[in-house]
Structure formats: structure tokens, C-alpha cells
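Structure record follows, encoded as C-alpha cells.
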Amino acid sequence: QVQLVESGGGLVQFGGSLRLSCAGSGYIFSAYVMGWYRQAPGKQRELVASITGNGNTNYGDSVKGRFTISRDNAEAAMYLQMNSLKPEDTAVYYCNAKRQRSFSTIENYWGQGTQVTVSS
């Protein structure tokens, strides 16, 4: 059973930093693209950052230069270092694991989310 568990969320002041962690289990961690998504109240879930099994990264425009995604395949863990936090970063952050095995077969798993609140 695939399980993704986020941790590290909390309350931080404007300009502060926070580090999120995601622990994966029940699947071949290195075979999946891992990512962080976030959802603020009343808004759609959006991509924050993603990272492939061999370390290629992609970031949403709003977090480029401020956030850094990383992964440790040996530990089956993914991280998001968030710096220079802004109130607009306030959201529930979700860990995601994705793999497309064929044109019609895709696996997409989500963690339970962790709350990040940035005060103004």
C-alpha cells in the first residue's frame, strides 16, 4: 500500500524559512517523479516543485529562487526547503508521487498534507 507522509509544516513569519519532508513507503521510490503541490483556501491545487528519480527539477514560477526541492532515494524521502516565505505561500502542502507506465496507465498518489502558515 503506497503511503506518503508529510511533516515539517507550521507557522513562520514573513521572510522566514521552513523545511518540509515527505516519507514514502510501499512503492519503488526511485521510479516515481516526486513533487510538492499546495492548495490555499478557495484556490485550486498548484504545482510547487517536482523532481525526477535522477534529480531533474521543475519549479512553479512563484517559488523559483526561493524554494529548493530534493530527494534521497536511499531513504525514500523528499524535501522542500522554503526560504523568503511570503503570506501568499500559506497553504496546505501535499506530497505527490507519480509514474506513467504506458500511454493509458498512470499512477498518482498523495499524502495527507501539512499546513504552512506565513504571517504578515
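The values are calculated or read from the model by the stated rules, or taken from the named source; none is laboratory data. Every value quoted in this text rests on a predicted model; they were computed, and no experiment measured them. Neighbour counts are summed over all protein chains in view; Cβ atoms, including those assigned to glycine, are modelled from backbone coordinates with ideal geometry. The protein model used for the area step is the full one, side chains on, heavy atoms only, and it has no ligands, DNA or RNA in it. Shrake-Rupley method; radii C 1.70, N 1.55, O 1.52, S 1.80 Å.
Of the residues Tyr59, Val5, Trp36, the one whose Cα sits farthest toward the positive end of the charge dipole of the chain, with +1 on the Cβ of Lys and Arg and -1 on the Cβ of Asp and Glu, is Tyr59.
Basic side chains Lys and Arg get +1 at the Cβ, acidic Asp and Glu get -1 at the Cβ, and with that the dipole of the range 63-102 about its Cα centre reaches some 260 debye. In whole percents, the pair-distance distribution calculated for the chain from its alpha-carbon pairs, binned every 5 Å from zero, is 2, 12, 23, 24, 19, 11, 6, 2, 0, 0. Shown in residue order for the range 32-39 are the 3J(HN,Hα) couplings computed by the Karplus curve 6.51 cos²θ - 1.76 cosθ + 1.60 at θ = phi - 60°: 10, 6, 9, x, 10, 10, 9, 9 Hz (x for Gly and Pro). These residues, Tyr32, Tyr59, go from largest to smallest accessible area, 1.4 Å probe, as Tyr59, Tyr32. For Gly113, the residues 5 or more places off, or on other chains, whose built amide H falls under 5 Å of its own are Glu6, Cys95.
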